[in-house]
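Participant: Structure provided below as structure tokens; questions to follow.
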Amino acid sequence: MIIESGHIRQAIARSGIALAGLLVAGIALAHGVEERDAMFLERNAGQALLAFAYLGAKHMITGYDHLLYLFGVIFFLYRPKDIAVYVTLFAVGHSITLLGGVLADINVNVYLVDAVIGLSVAYKAFENLDGFRKFFNVSPNPKIAVFLFGLVHGFGLATKLQVLTLSAEGLVANIISFNVGVEIGQLLALVFLLVLINALRASGSFERKASVFNFVLMFAGFSLATYQLAGFFLVTT
């Protein structure tokens, strides 16, 4: 597939500027929930199932790194059955580590796990561009990759709650509700992303635009990873 390099450079440049603005705007919220939401979670002394579900959905919908990865996962999927399989694998993966991370108190470095999440976006875009076969003559199993990266994304979600002092009363039910909210948010985001992809397909020249979009997606993934690694080294040095 041959793409004019000028189109790719222009698309990446525009997306780079937009991404830089997004990262600067989101720097204060990069590793946690909003202050008002955090205060509610820490002050809550019992079960608040609806509130935790709402916050889980909100966090997923506003989690641009998770949405970028999901966008890459479904980009070339046409059949509803295939979409359901891949989204389910991702959901099972991040549910395991979200629940396990918080309830079993499994801690990972927030910057490093978010860096890997950024790399997962770049990985999926590279896979969509058929890069593994073209450059390395290998074809990794995409379903296994989606599940494994789902585990990583779950730890990323867990770190947002682990920095808070949550009441032990009703904790299990609240965290399960938060996870249910995450899944609801993922389904809502999925509908939006499918509408966006279908509109792209209907606009014509999907093959050319698909390549450009995935180059931009790969650039965004590496940018997110670099951003998080920079935060890691700044904080630990």
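The values are calculated or read from the model by the stated rules, or taken from the named source; none is laboratory data. Just so you know, these numbers come straight off a predicted model, no measurement behind them. Here the Cβ is made from the backbone with ideal geometry for all residues, glycine too, and neighbour counts use every protein chain on show.
Participant: Condition first: within 19 Å of the chain's Cα centre (by Cα), surrounded by 15 or more Cβ atoms within 10 Å (Cβ to Cβ) and either under 18 Å from Val113 (Cα atoms) or modelled with pLDDT of 90 or more (or both). Can you find one or more residues in segment 196-204 that meet it?
Facilitator: For segment 196-204, residues within 19 Å of the chain's Cα centre (by Cα), surrounded by 15 or more Cβ atoms within 10 Å (Cβ to Cβ) and either under 18 Å from Val113 (Cα atoms) or modelled with pLDDT of 90 or more (or both): present.
Participant: Can we say Gly181 is in contact (Cβ under 8 Å) with a residue 24 or more places away in the chain, small (Gly, Ala, Ser) and over 23 Å from Asn107 (Cβ atoms)?
Facilitator: no
Participant: Only one residue in Leu103, Leu151 is at pLDDT 95 or above, more than 13 Å from Leu70 (Cα to Cα) and hydrophobic (A, V, I, L, M, F, W, C). Which one?
Facilitator: None of the other options fit; the residue is Leu151.
Participant: Among the helices (runs of 4 or more DSSP H) confined wholly to segment 1-66, which include 3 or more residues that are modelled with pLDDT under 75 and within 23 Å of Gln186 (Cβ to Cβ)?
Facilitator: Here the list reads 5-25.
Participant: Are any residues in segment 70-81 surrounded by 15 or more Cβ atoms within 10 Å (Cβ to Cβ) and either within 25 Å of Leu229 (Cα to Cα) or without any contact (Cβ under 8 Å) to a residue 12 or more places away in the chain (or both), and if so, which ones?
Facilitator: Once the filter is applied, which keeps residues that are surrounded by 15 or more Cβ atoms within 10 Å (Cβ to Cβ) and either within 25 Å of Leu229 (Cα to Cα) or without any contact (Cβ under 8 Å) to a residue 12 or more places away in the chain (or both), segment 70-81 yields Leu70, Phe71, Gly72, Val73, Leu77.
Participant: Among all residue pairs at least 6 apart or on different chains, which show Cβ distances below 7 Å where the first residue, located in segment 124-151, is closer than 16 Å to Leu217 by Cβ and in contact (Cβ under 8 Å) with a residue 60 or more places away in the chain and the second is assigned to a helix (DSSP H, G or I) and of a type in the set (Val, Ile, Thr)?
Facilitator: Listed pairs, sorted by first residue: Lys124/Val73; Val146/Val73.
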